[in-house]
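In what follows, a single structure is set out as structure tokens and then discussed.
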Amino acid sequence: MFLAEPEILTPLRAKIEERFGKNVYIAHTMRTFLEVMDSKASKGEGLKLVMEYYSLKSEEVIAFGDEENDLPMFAVAGFSAATSNGKDNVKAAANIVIGSNAEDGVAAFLEEFFGL
């Protein structure tokens, strides 16, 4: 994890991508966070393991997120929901945008979805 202002993180991200290519997964989370991981260590890969363990199909899985590191998970799940306070690219990748974290958006969605 690199912690710095965006004007430092943006060129740093480009250098890391140039050097390591598809061997790493990079996510710019929060304004000053740049996460760099092995490409096999994303939330999407973790979700795949959970789905395999519980014999779940993608259409049986909902993923919730707000930051770039949630995008691989969105790609694996059959349905994805981004909170309204999430990054624009995360909201664009989601099937639906729900209330913010401060509004208990995930809980409200689940209550409505399951009729609780």
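Quick notes
- Complete set of residues in region 42-58 that are among the polar types (S, T, N, Q) and in contact with a helix residue (DSSP H, G or I) (Cβ under 9 Å, 6 or more places away or on another chain): SER42, SER58
- Every listed requirement among (1) aliphatic (A, V, I, L, M); (2) crowded, with 16+ Cβ neighbours inside 10 Å; (3) not assigned by TED's automatic domain parsing to the domain that holds ILE96 is met by VAL76 save one, (3).
- Restricting region 79-116 to residues that are of a type in the set (A, V, I, L, M, F, W, C) and crowded, with 20+ Cβ neighbours inside 10 Å, the residue that is nearest to SER39 (Cα to Cα): VAL90
- Test for GLU59: is it free of Cβ contacts under 8 Å to residues at least 24 places away in the same chain, part of a helix (DSSP H, G or I) and either touching a strand residue (DSSP E or B) at 6+ places or on another chain (Cβ under 7 Å) or among the β-branched types (Val, Ile, Thr) (or both): no
- Near pairs, Cβ below 7 angstrom, 6+ apart or cross-chain, from region 90-103 (at pLDDT below 95) to any residue that is part of a loop (DSSP other than H, G, I, E, B) and surrounded by 17 or more Cβ atoms within 10 Å (Cβ to Cβ): ASN101/ASP66
The values are calculated or read from the model by the stated rules, or taken from the named source; none is laboratory data. Remember, predicted model here, so these are calculated numbers, not experimental data. Note that we place each Cβ from the backbone using ideal geometry, even for glycine, and neighbour counts take in every protein chain shown.
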